[in-house]
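Undergrad: Sharing a structure here in structure tokens format.
Please treat every number below as a calculation from the coordinates, not as lab data. A quick note: this is a predicted structure, and the numbers were derived from the prediction, not measured. Using ideal geometry, Cβ is built from the backbone for each residue, glycine included, and neighbour counts are taken over all protein chains shown.
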Amino acid sequence: MSGQTEEQSASARTVMATVPAQPGRPAAPPPDGQPATDAGTTLAGRYRLTEKLGTEPAAGAEFWLAEDTVLRRDVAVTLLRRLATDPESDDPDGTARAGEMIVRALRTGSFEHRGAARLLDVLAPGGAALPADVLGAAVSEWTGGRSLAEVLADGMLRPMTAARMVEPLADAAAAAHRHGLVLGCDHPQRIRISSDGRAQLTFVLARPDVTPADDVRGLGAVLYALLTGRWALSGADAARAGMEVAERCRPTGSAAATQGKDAELTGPVVPPSDVRPGVPVELDAVAVGALAPDSDGDTTSPKRVRTAAAVHRMLSEVVSEDDKNALFPPVHDGLPPAPGDVWQDSSRARRPPDPDRRRKLMIGLVVLGVGVLVVLGYLGLVLGSVFGDSSGAPKIVVSAPTAPGGGVVAGAAPQQAPPAATSAVAPAGVEVFDTTSDPDNAGRISRVIDGNPTTSWRTYEYRQQFPALKPGVGVMVSFASAVQLSSLSIESPSNGTIVEIRSATSADADLADTVPIARATLQSGVTQVSLAQSQPVQHLLVWITKLGGDGDTHVTEIDEMTFQRAGV
């Protein structure tokens with residue numbers, strides 16, 4: 001996120017001389033004897049780079065997943081590289097460019113929105129221990145989720161799903177513009193889709209020349225990508241993100257004659273509905289209108305969507321209208337109905353009728369009738385033996401185990417009926433439940449239900465035991481529907497951790513509204529927690545009230561949680 005005013009430009013000149021950026025220049029090699037900044041490098045003695053997720057040469061930026069080694073959590077790092085020295089440039093190594101971006105970033109510390117990752121730290125030259133080939137960095141919260149390319153690799157999204165994803169990002173851009181800031185959401189690798197289906201700006205520090213109009217075009221490009229699988233802005237950015245480039249319309253008439261052979265590259269994008277069927281005309285208008293450039297400086301064209309607030313308002317209206325029409329058959333969008341959809345395609349090919357179905361049905365009915373007769377005969381024999389005894393006292397026979405020679409084993413207890421069978425039930429979702437605004441390692445919580453005990457989630461490391469810093473932290477598990485559970489298995493190496501098992505009416509319920517079901521102290525290994533006395537639940541909270549560890553290091557790690565269904 002960035003914002004530009006005369007005051008901030010003056011501040012940038014005070015820190016470093018402001019000169020035009022030099023996009024496209026390669027990064028400068030590190031000084032002799034010093035390793036290049038790469039995975040494993042630690043910035044400011046705290047942030048260890050773990051995985052490079054993208055680059056934006058126009059901003060001299062790299063996007064990294066990193067670990068905050070102090071708070072033991074994942075973070076997103078936007079790193080500014082020192083450029084290769086250009087003697088003919090007023091900014092030989094990109095220092096002024098980085099200085100302007102850092103100064104602008106300092107203004108965004110108080111900006112918070114669910115459509116953009118929260119800025120946590122800014123590393124400026126001279127104020128932090130940075131490698132020689134790094135000019136600065138910004139650290140933001142890691143929201144997890146997947147990149148645009150990863151989401152699109154699973155196949156086309158429904159148009160309304162795409163609209164719901166982009167709506168919070170558009171709201172964030174509109175809010176930023178009202179505060180004089182710019183998100184810089186016109187690069188595909190800066191955007192990630194959260195686990196609950198929201199497009200979020202994850203990597204900050206936009207280019208120095210970015211404007212609100214670039215944000216509007218970025219919103220149009222993100223919507224266009226989710227609708228068609230193609231990126232509608234820079235072809236180089238699309239290639240870096242692993243996405244196809246959007247097709248362009250060839251201008252007609254005098255415009256085509258003027259542009260000649262380059263007409264296909266410079267014309268407007270092909271409407272999403274021409275790429276795939278079922279895209280509503282409203283979403284066509286939002287995507288194409290946001291991407292439309294100003295025609296000869298004329299910003300009053302009715303086809304041009306000029307503000308992020310307009311994009312957000314249009315998407316909100318489309319989503320609201322779709323909610324109202326949920327009971328009506330949807331427009332065909334080129335995708336088959338999902339198994340859980342209310343409306344199914346009646347034109348789908350049905351399985352041919354089984355010619356032997358009638359014979360099989362008759363055999364089944366005969367078998368069922370024979371079974372009923374056997375049961376009735378057995379009940380008749382039992383009742384006859386009970387009421388036909390002349391002594392008037394029913395005979396009770398207790399079977400006992402026999403010895404190898406045929407005798408009864410002395411002192412043997414009567415055999416008990418086997419326990420009711422159980423089966424594992426898979427949760428539909430999981431998230432960190434925290435009463436504060438900083439949930440512990442939220443990006444790794446899915447590991448507790450991934451079926452792999454070698455992967456784990458852990459809390460932050462606390463120097464004081466709960467509830468000194470906060471009342472606790474929990475794992476909220478949600479099922480597709482209410483289920484009757486018999487037990488819960490927790491595999492953990494954190495001996496001594498105390499957990500409360502609570503039922504909740506929703507995944508975001510307040511702690512005070514949850515109902516305690518059971519309480520357990522975890523042992524190193526697998527701890528079985530009985531839920532036999534509980535009622536059917538759809539949302540189950542595993543609330544940690546005491547962490548493992550001792551001294552000034554308190555932390556709890558959970559490798560896997562499995563749930564057993566009762567009465568099957």
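Undergrad: Students often check this: by mean Cβ neighbours within 10 Å, which of 456-462, 49-55, 512-518, 171-177 ranks highest, and how do the rest follow?
TA: 171-177, 456-462, 49-55, 512-518
Undergrad: From zero up to wherever the largest Cα-Cα distance of region 423-565 sits, split into 10 Å bins and tell me the percent of pairs in each.
TA: Pairs per bin, as whole percents: 12, 47, 36, 5, 0.
Undergrad: Now, a different point. Please report, in whole Å, how far the alpha carbons of region 486-560 spread along each principal axis, starting with the longest.
TA: 37, 25, 17
Undergrad: Cα centroid distance between region 33-73 and region 149-171, in Å?
TA: Between the Cα centres of region 33-73 and region 149-171 lies a distance of 28 Å.
Undergrad: Another question about this same structure. Arrange the peptides 316-324, 128-136, 185-193 so that the one whose residues have, on average, the most other Cβ atoms within 10 Å appears first.
TA: Result, highest mean Cβ count within 10 Å first: 185-193, 128-136, 316-324.
Undergrad: Which shape class, rounded, prolate or oblate, goes with region 146-324 when its Cα gyration tensor gives a ≥ b ≥ c as root eigenvalues, a/c under 1.5 marks rounded, and past that a/b bigger than b/c marks prolate?
TA: rounded
Undergrad: Using per-residue counts of other Cβ atoms within 10 Å, averaged over each peptide, order 155-165, 58-68 from highest down.
TA: Output ranking for 155-165, 58-68: 58-68, 155-165.
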